[in-house]
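The values are calculated or read from the model by the stated rules, or taken from the named source; none is laboratory data. Note that the structure is predicted; figures quoted are calculated from it, not measured. Note: ideal-geometry Cβ built from the backbone for every residue, glycine included; neighbour counts use all protein chains shown. Note: accessible area is taken over every heavy atom of the protein model, side chains too, but ligands, DNA and RNA are not part of it. Shrake-Rupley method; radii C 1.70, N 1.55, O 1.52, S 1.80 Å.
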Amino acid sequence: MKKTLLATAIIGALGASAAAQAATVYDQDGTKLNIYGRLAYAVQTGGAEAAPGEGKTDGSEFIDLGSRFGFIADHKVTSDMSVFARMEFRGKADAQNSGGFDTIRNTYVGVKGNTWGSVQVGNFDSVYYRSGDVIFDVPEGPGWEQLGGISADSRGDAVSYSTPDLSGFRAHVQAKHLSGNTESDIAGRDASSTWTTAAAVDYTINDLYMSLAYSQGKDVADRTARYDGGASNGTNPYAAGEDLFGFFANYDFTDAFSMRFKYEQITDTFSQEELENRSSASAEESILGLGATYDYGMGEIYGQYARVDMAFDGVDDKDRWMLGGNYRFSQPMYVFAEVYQQDSGTSFDSSLRENFRDLDDEILTTVGVRYDF
């Protein structure tokens with residue numbers, strides 16, 4: 001990942017692609033309005049086969065990969081303080097549909113100062129993601145393995161604070177409100193509201209970036225309080241527990257080549273009985289990840305590997321990897337191709353030929369085009 005994109009993604013409230021491509025449509029009397037967007041299409045084929053009787057999942061399909069558009073507003077109040085707002089919409093743009101861009105995403109207001117930092121409230125990416133896991137959010141399709149993800153303790157009804165850059169050091173805290181309001185009483189359930197929290201610290205020194213992040217991921221299954229947007233432990237299909245910690249690092253060996261590392265661990269996992277009651281056989285407890293990116297001038301070649309430890313006894317741990325590359329026709333538009341293996345069956349006890357055959361099993365291929373504006 002290029003240094004400029006990495007810095008924008010980590011410390012900016014706008015996100016890498018939005019900040020890189022946003023066009024100013026109004027700038028007068030201290031008020032600035034930018035518009036940005038993305039169209040991303042791809043064809044996917046292969047991947048894991050569905051279980052008998054559950055349909056088909058490994059055929060070819062034309063899909064939308066996060067097409068969106070949005071607005072960013074900023075007003076300079078004083079030489080040290082400004083206020084800002086953002087509103088973003090997502091939708092499936094690969095075919096005619098009645099829904100259109102009907103998903104609200106990254107919509108918030110805030111205030112920032114050069115000397116004291118920034119505060120924002122609303123619907124936005126988690127500080128766990130913005131400080132740490134963003135460095136692994138590289139693939140266009142599957143291949144970013146994560147426990148916290150973008151929505152950890154976030155994605156609505158949230159408030160966060162970030163310090164300014166203090167000689168390479170920054171700190172972030174966040175809280176998300178979970179309302180206990182309900183339309184009908186549920187016997188034996190706590191109906192009070194509660195909060196779930198997240199925090200992160202990051203440090204940049206020369207070509208090395210490091211982040212230590214925390215996500216509470218409060219479990220509210222036994223009460224009426226609910227996540228209004230986002231979810232406990234991010235985008236995992238079933239949570240493995242509470243209290244997620246992550247360490248992330250990225251090092252630029254040259255302007256063209258960088259490597260990244262991460263380790264995520266849920267420290268307060270549910271008991272095996274609880275996991276069974278929740279049908280959480282696919283719950284993930286920890287992830288060790290490695291990745292690298294090489295910029296060859298007209299595009300990038302990138303890859304990632306993850307060792308995923310499963311929380312449920314009797315479920316094998318997973319080895320997952322992806323490889324990809326893109327070619328840029330111009331600054332806003334590029335084509336890409338990626339392969340992803342959800343569960344590699346490599347073993348030290350198998351021969352090189354057997355391991356290669358296992359690697360070729362159930363590979364998902366994604367080929368597409370993306371235009372940022």
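Just for segment 54-74: of the residues that are in contact with a strand residue (DSSP E or B) (Cβ under 9 Å, 6 or more places away or on another chain) and open to solvent by 70 Å² or more (accessible area, probe 1.4 Å), which one is nearest to TYR41 (Cα to Cα)?
Taking segment 54-74 and keeping what is in contact with a strand residue (DSSP E or B) (Cβ under 9 Å, 6 or more places away or on another chain), we get 58-74.
Filter once more, keeping what is open to solvent by 70 Å² or more (accessible area, probe 1.4 Å): 60-62, 71.
Values: SER60: 13, GLU61: 11, PHE62: 7, PHE71: 22 Å.
The residue in question is PHE62.
Out of all the residues in segment 26-39, is one or more over 24 Å from GLY117 (Cα atoms), surrounded by 20 or more Cβ atoms within 10 Å (Cβ to Cβ), modelled with pLDDT of 90 or more and not basic (Lys, Arg)?
Within segment 26-39, one or more residues are over 24 Å from GLY117 (Cα atoms), surrounded by 20 or more Cβ atoms within 10 Å (Cβ to Cβ), modelled with pLDDT of 90 or more and not basic (Lys, Arg).
Can you find even one residue in segment 270-279 that is surrounded by 17 or more Cβ atoms within 10 Å (Cβ to Cβ) and among the aromatic types (Phe, Trp, Tyr)?
Yes, there is a match, as at least one residue in segment 270-279 is surrounded by 17 or more Cβ atoms within 10 Å (Cβ to Cβ) and among the aromatic types (Phe, Trp, Tyr).
Output the residues belonging to segment 284-302 that are of a type in the set (Gly, Ala, Ser) and open to solvent by less than 10 Å² (accessible area, probe 1.4 Å).
Step one: filter segment 284-302 for residues of a type in the set (Gly, Ala, Ser), giving 286, 289, 291-292, 297, 299.
SER286, GLY289, GLY291, GLY299 - these are the residues of segment 284-302 that are of a type in the set (Gly, Ala, Ser) and open to solvent by less than 10 Å² (accessible area, probe 1.4 Å).
How many residues are farther than 28 Å from LEU290 by Cβ, assigned to a strand (DSSP E or B) and touching a strand residue (DSSP E or B) at 6+ places or on another chain (Cβ under 7 Å) if we restrict to segment 141-187?
9
Scan segment 331-347 and report the pairs whose first residue is farther than 22 Å from ARG370 by Cα and surrounded by 15 or more Cβ atoms within 10 Å (Cβ to Cβ) and whose second residue is among the hydroxyl-bearing types (Ser, Thr, Tyr) and at pLDDT below 80, with Cβ atoms within less than 7 Å and a gap of 6+ or a chain change.
Between residues of segment 331-347 that are farther than 22 Å from ARG370 by Cα and surrounded by 15 or more Cβ atoms within 10 Å (Cβ to Cβ) and residues that are among the hydroxyl-bearing types (Ser, Thr, Tyr) and at pLDDT below 80, there is no close pair.
Restricted to segment 75-100, and to residues that are surrounded by 18 or more Cβ atoms within 10 Å (Cβ to Cβ) and not basic (Lys, Arg), which residue is farthest from ASP29 (Cα to Cα)?
Out of the qualifying residues, it is ALA93.
So LYS112 clears everything in (1) at negative phi; (2) surrounded by fewer than 18 Cβ atoms within 10 Å (Cβ to Cβ); (3) modelled with pLDDT of 95 or more except one condition, right? Which one?
(2)
Give the residues of segment 111-156 that are of a type in the set (S, T, N, Q) and farther than 24 Å from SER67 by Cβ, sorted by residue number.
Across segment 111-156, the qualifying residues are ASN114, THR115, SER118, GLN120, SER131.
Could you list, in sequence order, the residues of segment 57-106 that are under 23 Å from VAL369 (Cβ atoms), among the acidic types (Asp, Glu) and either assigned to a loop (DSSP other than H, G, I, E, B) or touching a His at 6+ places or on another chain (Cβ under 6 Å) (or both)?
ASP58, ASP94
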